[in-house]
1. Could you check how many residues of the stretch A:93-121 are of a type in the set (Gly, Ala, Ser) and farther than 18 Å from residue A:66 by Cα?
2. Taking the condition of being of a type outside the set (A, V, I, L, M, F, W, C), closer than 21 Å to residue A:300 by Cβ and modelled with pLDDT of 90 or more, how many residues in the stretch A:310-347 meet it?
3. Within the stretch A:138-190, how many residues are farther than 26 Å from residue A:71 by Cβ, modelled with pLDDT under 90 and over 29 Å from the mean Cα position of the chain (by Cα)?
4. Would you confirm, using the coordinates I've provided, whether residue A:175 is in contact with a Ser or Thr (Cβ under 9 Å, 6 or more places away or on another chain), outside the structural domain of residue A:370 (by TED's automatic domain parsing) and either assigned to a helix (DSSP H, G or I) or within 30 Å of residue A:377 (Cα to Cα) (or both)?
5. Can you find, within the stretch B:87-112, the residue that is farthest from the chain's Cα centre (by Cα) among those that are at the interface with chain A (Cβ under 9 Å from one of its Cβ atoms) and over 22 Å from residue B:36 (Cβ atoms)?
6. I'd like the residue in the stretch B:27-77 that is under 12 Å from the mean Cα position of the chain (by Cα) and assigned to a loop (DSSP other than H, G, I, E, B) and, out of all such residues, is surrounded by the most Cβ atoms within 10 Å (Cβ to Cβ).
7. Limited to the stretch B:6-16, what total is found for residues that are over 11 Å from the mean Cα position of the chain (by Cα) and either among the acidic types (Asp, Glu) or more than 21 Å from residue B:101 (Cα to Cα) (or both)?
8. Scan the stretch A:182-191 and give yes if some residue there is within 8 Å of chain B (Cβ to nearest Cβ) and free of Cβ contacts under 8 Å to residues at least 24 places away in the same chain, otherwise no.
Amino acid sequence: MNDFHFLIIACLILVTLGALAAAWLFRRRWVQERKTEVQLKFSNENLDFALQSGRMGTWDINLADGSIQCSQQMLDLWGVTAREFNCRRSILQSKVHADDLHMMNAAIDKAIATDGIYELAFRIWPEPGKLRWVLSRGRCTFVPGSHTPEKFSGVVFDITESMEREAALKEAIHTRDQFLTIAGHELKTPLTNLQLQIQLRQRDLQRNYPQAFTAEKISAGLIEQLDYVRRLTHLVDNMLDVAQISEGRMQLSYEYFDLCKLIQDVVDRFRESGESRGVELRFTGCHALYGNWDWFRLEQVLLNLLSNAVQYGNNQAIDVTVKQEAEHVHIFVKDRGVGIAKADHSRIFQRFERAISENEASGMGLGLFIANTIVQMHGGDILVESEIGAGSEFTVILPMQQGIKS
Amino acid sequence: MNKTKGLILIVEDDASICAYMEEIFGGDGFQVVSAEHGQAALDLLHSMQTLPALIFLDLMMPVMDGQRFLQEIQKNPAHERFKTLPVVVVTASHMPVKGEVVAVIRKPPDLNRLVELAEKYAGG
């Protein structure tokens with residue numbers, strides 16, 4: 001083999017090695033590209049999954065021509081089809097609540113003019129009558145080294161549920177605060193009476209004023225004080241009952257008794273306080289109605305209905321009647337007072353509600369809510385028939401099949 | 001009874017609180033008149049030739065509450081005559097009072113504090 005042959009062989013070896021190296025490099029690059037492609041696909045799938053899970057749409061505004069690209073998720077949120085949309089911002093803006101549109105455009109302009117950060121919650125109408133809250137977050141990027149806006153893109157997601165929860169929470173806090181104000185006033189009225197009476201008598205003692213301590217005056221003072229203590233007890237009991245009901249802890253203690261006797265007892269007790277106000281309380285009576293109910297709780301229901309009838313009854317006569325049907329007993333409490341507007345009939349059974357404003361009458365607005373809960377726990381119902389100026393008739397319906405004792 | 005002491009107006013919807021306050025101030029020689037709400041107090045003031053030296057005012061009342069009564073006498077030109085009458089608010093509320101008052105007393109009020117204010121403004 002001469003030098004020429006050696007040179008040929010060396011060249012062939014070099015060419016082969018070069019081809020092998022090129023093939024290896026090509027394959028390596030191909031593998032890397034495939035790997036990147038797979039990673040990108042995987043990453044995009046993850047992003048899609050995250051966007052879909054978070055019910056999040058994406059948007060991208062072309063600042064040169066004002067057109068906009070949106071993900072399908074965003075179009076779904078807006079209630080717009082791809083054909084309707086056709087990259088037009090005006091289509092999306094037409095669904096933004098009129099009161100929020102100006103605010104939205106101002107926030108976008110501000111982001112472009114300042115630091116590029118955009119975040120805003122606003123309302124949209126995906127379809128007439130269906131209002132949704134959305135939160136949109138975006139970022140405007142600028143050409144490096146200048147303040148020329150380059151790209152403005154971001155995400156948007158549905159926050160309707162959290163906004164509704166927040167509104168409900170605010171409403172609950174407002175109701176609680178209102179209740180505390182009324183409860184404070186109601187508790188302080190008997191406390192003021194007690195304090196003034198006690199301090200007045202202390203002063204009479206210090207001034208050696210015996211006319212203030214006749215048997216008659218002491219007796220009248222004690223009756224008043226007892227009445228204030230009862231009022232305070234009643235208010236506190238109502239507050240405790242509401243807490244029990246709210247926590248689902250209220251329970252009935254059934255016993256076997258004559259419902260007529262209970263009604264008669266309550267009417268007799270009320271007749272005295274009614275007469276002191278010049279209110280006639282009429283009860284037609286009833287025959288023995290034996291069954292299993294909670295005496296204490298039904299007594300509470302009747303006391304509440306009679307107390308309301310006296311308070312709102314314009315000092316007119318109050319009628320209590322009882323009617324027994326096959327499986328139910330109906331107790332009617334009818335007054336001839338101020339009455340309740342039909343629109344308020346269901347509201348008065350709700351917590352902290354009453355037919356007229358807190359400035360017009362005393363009470364915490366708990367009595368009918370508690371009474372209704374008690375009657376419903378017995379499997380019964382309370383109905384009201386009333387109109388403004390025409391008095392009110394409350395009907396307590398109690399089932400008789402509460403287990404007649406065998 | 002000391003007849004030189006001034007006239008006090010009590011505006012309070014709870015009849016028995018009103019009666020106790022009348023007994024307290026009456027027993028100390030003040031002349032006392034009362035009204036069950038803001039509107040009744042305005043009507044009463046318009047009918048009076050000699051205005052009270054001091055008003056004790058409840059806030060939560062029917063028809064016209066105490067806050068509205070204060071606004072009426074201090075802002076409404078129709079009640080200009082009553083604009084400078086000293087007012088002591090006696091209330092269960094802890095909300096701030098809007099308007100010019102000489103004192104705010106929380107319920108239940110201390111009898112001695114009530115008398116002290118009555119002496120200061122209507123003591124004669």
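The values are calculated or read from the model by the stated rules, or taken from the named source; none is laboratory data. Owing to the predicted nature of the structure, the values given are computational and were not obtained by experimental measurement. Glycine also receives a Cβ, built like all others from the backbone with ideal geometry; neighbour counts cover every protein chain displayed.
1. Applying the first criterion (of a type in the set (Gly, Ala, Ser)) to the stretch A:93-121 yields A:94, A:98, A:106-107, A:111, A:113, A:116, A:121.
Still in the list and also farther than 18 Å from residue A:66 by Cα: A:98, A:121.
Going through the stretch A:93-121 one residue at a time, the tally reaches 2.
2. 6
3. Here the count works out to 5.
4. no
5. The selected residue is B:94.
6. Ranking the candidates gives B:58 first.
7. 4
8. yes
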